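Novice: I have a structure here, written as structure tokens, and I will follow up with some questions on it.
The values are calculated or read from the model by the stated rules, or taken from the named source; none is laboratory data. As the structure is a prediction and not an experimental result, all values here were calculated from the model. No Cβ is skipped: glycine too gets one built from the backbone with ideal geometry, and neighbour counts run over all protein chains shown. Only protein heavy atoms, including side chains, enter the accessible area calculation; ligands, DNA and RNA are left aside. Shrake-Rupley method; radii C 1.70, N 1.55, O 1.52, S 1.80 Å.
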Amino acid sequence: MKVLLLTGLGALFFAYYWDDNFDPASLQGARVLLTGVSAGVGEELAYHYARLGSHLVLTAHTEAFLQQVVGNCRKLGAPKVFYIAADMASPEVPERVVQFALDKLGGLDYLVLNHLGAAPAGTRVRSSQSTRWLMQVNFLSYVQLTSSALPSLTDSKGSLVVVSSLLGRVPTSFSSPYSAAKFALDSFFSSLRRELDVQEVNVAITMCILGLQDRSSAAEGVRGITRVKAAQGPKAALAVIRGGATRASGVFYPWRFHLLCLLRSWMPHSRAWFVRQELNITTPPAA
């Protein structure tokens with residue numbers, strides 16, 4: 001029964017996602033501020049936008065990685081590429097990053113929020129210090145960047161693209177502080193979408209629900225706990241770009257995550273079974 005249900009729903013979602021109106025030419029000359037570009041999906045997002053001819057401001061924590069990505073983007077044909085090294089754990093940084101982008105590009109058409117942080121070294125996973133740090137990097141900085149960029153996006157009728165995680169829709173074990181930040185993201189941007197609609201502000205918000213990202217910090221945080229394989233950077237990045245360019249409300253990569261989110265409400269017992277299949281429950285939880 002479960003197999004038949006998943007097969008039928010899978011066919012419906014395949015048909016839905018196959019039929020989109022993505023036009024790569026629409027991104028030529030688009031002004032994009034992209035965060036979290038030093039590895040994984042973020043790096044691949046930068047390369048895709050570069051190939052499509054977008055003007056870019058890139059940011060990440062480490063300047064050396066940024067310089068390498070910027071060089072590659074120029075080789076791929078990006079007409080303008082700027083970068084600013086930024087630590088999103090500092091509350092004053094997000095506004096400075098947006099102002100830098102506005103100064104360099106003269107405005108924004110896309111704000112693509114992709115940065116994330118695992119618990120900093122030397123802190124206990126569930127400590128108040130670690131949770132506060134995670135909320136600043138993975139939630140509050142997103143709010144600050146959005147608040148600073150929204151006037152420009154309103155002027156351009158632009159798009160907010162938020163790269164999140166399945167853990168922001170379906171809670172699981174051994175990830176409570178990180179999952180709390182991702183749930184907060186989903187709630188904030190879902191509410192903001194409704195507010196913008198009521199106010200007739202033509203800014204699209206695309207929430208992207210991805211699997212484990214293929215970057216060392218993400219993999220290290222769940223090493224030995226989950227059996228989930230990392231999402232392939234280039235394919236996941238292209239799914240994010242297509243969703244943002246078509247102003248879709250949501251993107252799920254891989255697509256089966258949409259089914260799991262629906263099962264959360266429809267079939268809670270089946271949802272729990274699916275979640276347990278992704279866990280290595282013989283591994284003791286971290287302190």
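Novice: Tell me, what is the FRET efficiency for Ser147 and Glu200 to the nearest 0.05, using R0 = 25 angstrom and their Cβ-Cβ distance as r? Write out the running numbers ahead of the final one.
Specialist: Details: r = 19 Å, r/R0 = 0.77.
The formula returns an efficiency of 0.85 here.
Novice: Another question about this same structure. What is the calculated FRET efficiency for Asp155 to Asp87, with r their C-beta to C-beta distance and R₀ = 22 Å, to the nearest 0.05? Intermediate values should be presented prior to the final figure.
Specialist: Details: r = 29 Å, r/R0 = 1.30.
Taking R0 as 22 Å, the efficiency between Asp155 and Asp87 is 0.15.
Novice: Right, something else. Mind jotting down the three principal axis lengths of region 24-79 based on Cα atoms? Whole angstrom, largest first.
Specialist: Principal extents (Cα only, largest first): 31, 18, 16 Å.
Novice: May I ask you to rank Met135, Met88 by accessible area, largest first, using a 1.4 Å probe over the protein chains only? Walk me through the intermediate numbers first.
Specialist: Values: Met135 50, Met88 15 Å².
Result, largest first: Met135, Met88.
Novice: Once the piece of chain linking Phe188 and Gln129 is laid out straight, how much longer is it, given 0.36 nm per residue of separation minus the C-alpha distance between them?
Specialist: 19.0 nm
Novice: So what is the accessible area of region 131-209 per residue, in Å², with the probe set to 1.4 Å?
Specialist: Counting only protein heavy atoms, the per-residue value for region 131-209 is 40 Å².
Novice: Determine, for each peptide in 180-192, 40-52, 241-253, the mean count of other beta carbons within 10 angstrom over its residues, then list the peptides with the highest first. Provide the component values of the computation, followed by the final result.
Specialist: Values: 180-192: 17.7, 40-52: 24.3, 241-253: 20.9.
Ranked by mean Cβ neighbours within 10 Å, highest first: 40-52, 241-253, 180-192.
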